[in-house]
1. Output yes when any residue across the range 315-328 is assigned to a loop (DSSP other than H, G, I, E, B) and modelled with pLDDT of 95 or more, and no when none is.
2. Restricting to the range 105-131, what's the tally of residues that are surrounded by fewer than 18 Cβ atoms within 10 Å (Cβ to Cβ), under 17 Å from P52 (Cβ atoms) and in contact (Cβ under 8 Å) with a residue 60 or more places away in the chain?
3. Does E253 meet the test of being acidic (D, E) and either loosely packed, with under 15 Cβ neighbours inside 10 Å or not assigned by TED's automatic domain parsing to the domain that holds L322 (or both)?
4. For the range 1-33, which residues satisfy the criterion of being polar (S, T, N, Q) and part of a helix (DSSP H, G or I)?
5. Can you list residue pairs whose Cβ atoms sit under 9 Å apart, with the first residue in the range 156-167 being basic (K, R) and the second being outside any helix (DSSP H, G or I)? Count only pairs 6 or more apart in sequence or on different chains.
6. Assess whether I227 counts as being hydrophobic (A, V, I, L, M, F, W, C), touching a Lys or Arg at 6+ places or on another chain (Cβ under 8 Å), modelled with pLDDT of 95 or more and not assigned by TED's automatic domain parsing to the domain that holds D92.
7. What residue, among those in the range 139-177 that are of a type in the set (D, E) and assigned to a helix (DSSP H, G or I), is surrounded by the most Cβ atoms within 10 Å (Cβ to Cβ)?
8. How about the range 279-321: which of its residues are closer than 27 Å to E339 by Cβ and of a type in the set (V, I, T)?
Amino acid sequence: MKPLSDLIPILETPKIICITHHYNADADALGSSLGLYHYLQMKGHQVSVICPNSIPDFLQWMPGASELILFDKQAERTKEVLQNCEILFSLDFNHFSRTKFLAPLLQNCNAVKVMIDHHLMPDLSFDYGLSLPSKSSTCEMVYDFIQAAGDDVLINETIARCLYAGTMTDTGSFRFSSTTSSVHAMVARLMEKGLQTAPIHQAIFDNYRENRLRFMGYVFTDRLEIISDAHAAIIAVSRQDLNRFDINTGDTEGLVNYPLSLKEVVLSIFISEREDEIRMSFRSKGKFDVNVFARNYFEGGGHLNAAGGKSLRSLSETLNKLKQHIQENKNQLQLCYNESF
């Protein structure tokens, strides 16, 4: 895989470019994709953004969202665009399997393949790429790429809004350890470009339907289980729970973080039963590595303190396995708890 810097001269002449991100887009996936989309358009390229599936309601405000190609609804259009693509950017994932049903089309695409990502253990089969787990977000990496190309002058308020959204959410509103001085320097520069931060925070965090708030109340009352001896918390919701409250894609975003507000909780896990699999989100405090936990037990991965996974077992079987693995890691969780105080 060649360094990303080698791609910069190639982008000095117009190309047909596609950008994609992982399945179930979050603000970093979509923000980095649309931020890069607007930047490359300003460079004179013909650019399309392909989403593996529909994006959540709370991200619909992003500039360029109306131009997205949704593979789950526009399969033929997606195939047509990929056939003509010269350069394919893959953002916020490091293996095509993270795009789920879109993966075969991406793997078979004849375009030059480029990866920009901040997750561990990247697939090195991309033609160009950069994987930096130390970076706060893929949005920050897109910003760095624009700066490395000497194109700071092209960053406008539209690009700034997209890049800020993903950086803000992936840093937990700038409270995670990934919030380095370079993150704050980037935000300062984006604000100099006209960025207004408060409306973006409101658009993402204060833009839900009433049913989500009622769902949250139900979840924390009836579906939160604290495993005190292992300093862990589990929220497990069934398909019936999701249907009862009419929960859509994105409505469960961030719920896994709430149990970490409890002093005794080091590990928080959110499980949701979907049509095809059990989806899992892992969050932790301190040095407990949920990336390793997810990879070892649930075909997942991510970062030290934030990861995802899946299970093809039933919800009850997955819960039993999960509790077994938590007990297997009880000593390490206890140690991490002791080190935190």
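The values are calculated or read from the model by the stated rules, or taken from the named source; none is laboratory data. Just so it is clear, the model here is predicted, and its values are computed rather than measured. Glycine also receives a Cβ, built like all others from the backbone with ideal geometry; neighbour counts cover every protein chain displayed.
1. no
2. The total comes to 0.
3. Spelling it out, it is not the case that E253 is acidic (D, E) and either loosely packed, with under 15 Cβ neighbours inside 10 Å or not assigned by TED's automatic domain parsing to the domain that holds L322 (or both).
4. Across the range 1-33, the qualifying residues are S5, S32, S33.
5. The qualifying pairs are R161/W61; R161/M62; R161/P63; R161/L195; R161/Q196.
6. yes
7. The residue in question is D170.
8. Within the range 279-321, V290, V292 meet the criteria.
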